[in-house]
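A.B. asks: Following this message is one structure expressed as structure tokens.
The values are calculated or read from the model by the stated rules, or taken from the named source; none is laboratory data. Computed from a predicted structure; not experimentally measured. As a convention, Cβ positions derive from the backbone with ideal geometry for all residues, glycine included, and neighbour counts pool all protein chains shown. The accessibility values were calculated without ligands, DNA or RNA, using every heavy atom of the protein model including side chains. Shrake-Rupley method; radii C 1.70, N 1.55, O 1.52, S 1.80 Å.
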Amino acid sequence: MQCPSCQNTDSRVLESRSADSGRSVRRRRECLNCDFRFTTYERVETTPIIVLKRSGAKELFNRSKIINGLSRACEKTLINGSKIEFIVNEIEVELHQGIRKEVKANEIGEMVLTHLKDINEVAYIRFASVYRQFDGINDFMKTLESLQPIKKEQLASVV
């Protein structure tokens with residue numbers, strides 16, 4: 001591993017521990033040339049997932065785009081960063097376990113909405129309004145009405 005300070009390739013591992021829910025290894029290293037300490041992460045190389053955009057363009061899957069969208073949707077809710085990270089990890093695992101390596105962007109959006117529906121209605125509506133490109137109040141009302149039967153079923157099961 002190349003030292004970020006002096007570019008020497010000789011280093012020793014000081015400490016290793018599991019990271020990212022066991023999907024990677026975090027290592028503290030020390031350069032044998034300049035004694036600079038740095039951190040590296042090791043993870044299994046996976047086949048990249050290609051996202052097919054609405055425009056027809058293709059791009060590599062970028063988990064930070066989902067994190068950014070979820071963070072905006074979850075602002076001022078009780079959903080914290082670790083919960084957002086958990087949702088993104090779950091979606092990424094689902095995508096990597098799938099047979100197809102090309103996934104439509106709308107499929108990823110629906111996966112996000114599926115997770116949000118069970119967690120927080122406000123975040124669900126916020127994410128849906130951007131993802132589904134709501135044009136007006138009618139789009140909001142349709143989405144709110146789609147949430148209503150779920151609430152009625154949940155109340156019926158409690159009573």
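A.B. asks: Net charge around P4, counting only other residues with Cβ within less than 15 Å of its Cβ (Lys, Arg = +1; Asp, Glu = -1)?
C.D. replies: Net local charge, P4 excluded: +1.
A.B. asks: In percent, what relative contact order does the chain have, based on Cα pairs under 8 Å that are 6 or more apart in sequence?
C.D. replies: 15 percent
A.B. asks: Accessible area, 1.4 Å probe, largest first: how do K117, K76 sort?
C.D. replies: The ordering from most to least exposed comes out as K76, K117.
A.B. asks: Sticking with this one: Run the 1.4 Å probe and let me know the accessible area of T40, rounded to the nearest 10 Å².
C.D. replies: The accessible area comes out at roughly 20 Å².
A.B. asks: Give the aspartates and glutamates reachable from K101 as a straight Cα distance under 15 Å; neighbours fewer than 8 places away on the same chain don't count.
C.D. replies: Candidates past the 8-residue exclusion: E45, E59, E92.
A.B. asks: Report the label-to-label distance for M1 and R28 in nanometres (one decimal), using points 7 Å from each Cα along the Cα→Cβ vector.
C.D. replies: Result: 1.2 nm between the two label points.
A.B. asks: Let me check something: with ligands and nucleic acids excluded, how do M1, M141, M111 order by accessible area (1.4 Å probe), largest to smallest?
C.D. replies: Reading off the accessible areas and sorting them downward yields M1, M141, M111.
A.B. asks: Carbon and sulfur atoms: what percent of the 1.4 Å accessible area of region 6-159 do they account for?
C.D. replies: 52 percent
A.B. asks: Given that just one value was derived from the coordinates, which of [x] 41, 19, 15; [y] 31, 18, 12; [z] 22, 17, 16 is semi-axes √(5λ) of the Cα gyration tensor in Å?
C.D. replies: Matching the structure shown: [x].
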